Amino acid sequence: MHFSPEIEERLAQLQEKYEAMGQDMVSYLDGLLYADFLTYWDYIHLDTLLSLQSPKTPFPDEEIFIMYHQITELYFKLALHECKQISSAQSLTAEFFTARLRRINQYFEALTTSFGIMVDGMEKEQFLKFRMSLLPASGFQSGQYRLIEIYATDFINLVAKDKRQELAGASVEDQFEYIYWKFGATELSTGKKTLTLKQFEKKYAGTFISLAKACASNNFYALYHQLKANGLAIEELEAELKQLDVNVNVNWPLVHYKSAVRYLNREPEEIRATGGTNWQKYLPPRFQKRIFYPSIWSEQELENWGKAWVEKVLKEVRSS
């Protein structure tokens, strides 16, 4: 049997590769000879993936709720994949930074656009019943979302707005005690930490603090300032950073707000979210004023942060 020049070249390259690693190429060829062909369902572990939905109640729409949140966490994992590439890049360029940010923005835009699948895909009465079996779990407990926030900006920008000036020079540990989302998981009547928050802190606090310290000089905001100081062209980069700010801090929380108003707003008083999270104060951006890149926005834009969106949503819900 005669091999084509292409096959002979590949065999020579393989021989060189395995010799460099002290491995026997023939053994690897034996493995290739006896291996089955890869299938799509095996490659993505489809059977396992489709078995990961375990409703707690007999209500059919609970499965929609589970699957959408699983999809959300996969998108967050995609975003974190890009965050890690940006923060660890050697000799970071504005082009590389911009391209990866564009990917993250696409992930969040897909999530925001698709949120209606869950909101419109569940019957309100089913949701209000099966949600009680989820206590004290809450979407608030998404650790991946918090990691994205830490990669995105200086940690001080995640501190509750009325504490930022006071804690500007404080340690990460001290700032963490006043991180904005803790105030969204307090009991409405007493102001004490909910079990939801206690569970979340127990699992993730160490991870969040460690990442905040590791990202002090290579979070997105710090890297942006470094590139700007070097006099590089960053107009496209600024545009993507502003879009990320809007996607994460306005559009994403507000589709949740729209959902909460639809499902939990009931006169004369609102229904509490699972875990007792204070969604009325926690979700609207105009209350939190959580902004990743304040120096890129104008004073008027900062002052009106998220206001028009909230008013639009409330008007839509009240008229539906």
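The values are calculated or read from the model by the stated rules, or taken from the named source; none is laboratory data. No experiment lies behind these values; they were computed from the predicted model shown. Here Cβ is always computed from backbone atoms with ideal geometry, including for glycine, and neighbour counts include all displayed protein chains.
Collect the residues in the range 83-108 that are of a type in the set (Gly, Ala, Ser) and modelled with pLDDT under 95, keeping them in residue-number order.
SER91
Is it the case that ALA233 is of a type in the set (Gly, Ala, Ser), in contact with a helix residue (DSSP H, G or I) (Cβ under 7 Å, 6 or more places away or on another chain), crowded, with 18+ Cβ neighbours inside 10 Å and at negative phi?
no
Could you check the range 177-222 and list, in sequence order, the residues that are surrounded by 13 or more Cβ atoms within 10 Å (Cβ to Cβ) and aliphatic (A, V, I, L, M)?
ILE179, ALA185, LEU188, LEU195, LEU197, ALA205, ILE209, LEU211, ALA212, ALA214, ALA222
Quickly run through the range 111-123 and pick out the residues that are surrounded by 13 or more Cβ atoms within 10 Å (Cβ to Cβ) and either modelled with pLDDT under 85 or part of a helix (DSSP H, G or I) (or both).
Within the range 111-123, LEU111, THR112, SER114, PHE115, ILE117, MET118, VAL119 qualify.
More than 22 Å from the chain's Cα centre (by Cα), closer than 24 Å to HIS256 by Cα and of a type in the set (A, V, I, L, M, F, W, C): is that true of LEU134 in this structure?
no
Given the structure, is TYR204 under 29 Å from GLU109 (Cβ atoms), among the hydroxyl-bearing types (Ser, Thr, Tyr), outside any loop (DSSP other than H, G, I, E, B) and at pLDDT below 95?
Here the answer is no, as TYR204 does not meet what is asked.
Working only within the range 134-159, note down all residues that are surrounded by fewer than 20 Cβ atoms within 10 Å (Cβ to Cβ) and either modelled with pLDDT under 90 or in a loop (DSSP other than H, G, I, E, B) (or both).
Answer for the range 134-159, where residues must be surrounded by fewer than 20 Cβ atoms within 10 Å (Cβ to Cβ) and either modelled with pLDDT under 90 or in a loop (DSSP other than H, G, I, E, B) (or both): LEU134, LEU135, PRO136, ALA137, GLY139, SER142.
Restricting attention to the range 160-179, and to residues there that are among the hydrophobic types (A, V, I, L, M, F, W, C) and farther than 17 Å from HIS225 by Cβ, which single residue is modelled with the lowest pLDDT?
Among them, the one singled out is ALA160.
How do the helices (runs of 4 or more DSSP H) wholly within the range 7-80 filter down when requiring 3 or more residues that are farther than 30 Å from GLY139 by Cα and either assigned by TED's automatic domain parsing to the domain that holds LYS129 or over 28 Å from the mean Cα position of the chain (by Cα) (or both): which remain?
25-34
Only residues that are touching a helix residue (DSSP H, G or I) at 6+ places or on another chain (Cβ under 8 Å), hydrophobic (A, V, I, L, M, F, W, C) and surrounded by 13 or more Cβ atoms within 10 Å (Cβ to Cβ): list them for the range 160-176, please.
Matches in the range 160-176: ALA160, LEU167, VAL172, PHE176.
Mind listing whichever residues of the range 213-238 are assigned to a helix (DSSP H, G or I), under 26 Å from GLU109 (Cβ atoms) and in contact (Cβ under 8 Å) with a residue 12 or more places away in the chain?
PHE220, TYR221, ALA222, LEU223, TYR224, LEU227, GLU236, LEU237, GLU238
What single numbered condition from (1) surrounded by 13 or more Cβ atoms within 10 Å (Cβ to Cβ); (2) at pLDDT 95 or above; (3) of a type in the set (D, E, K, R) fails to hold for ASP47?
(1)
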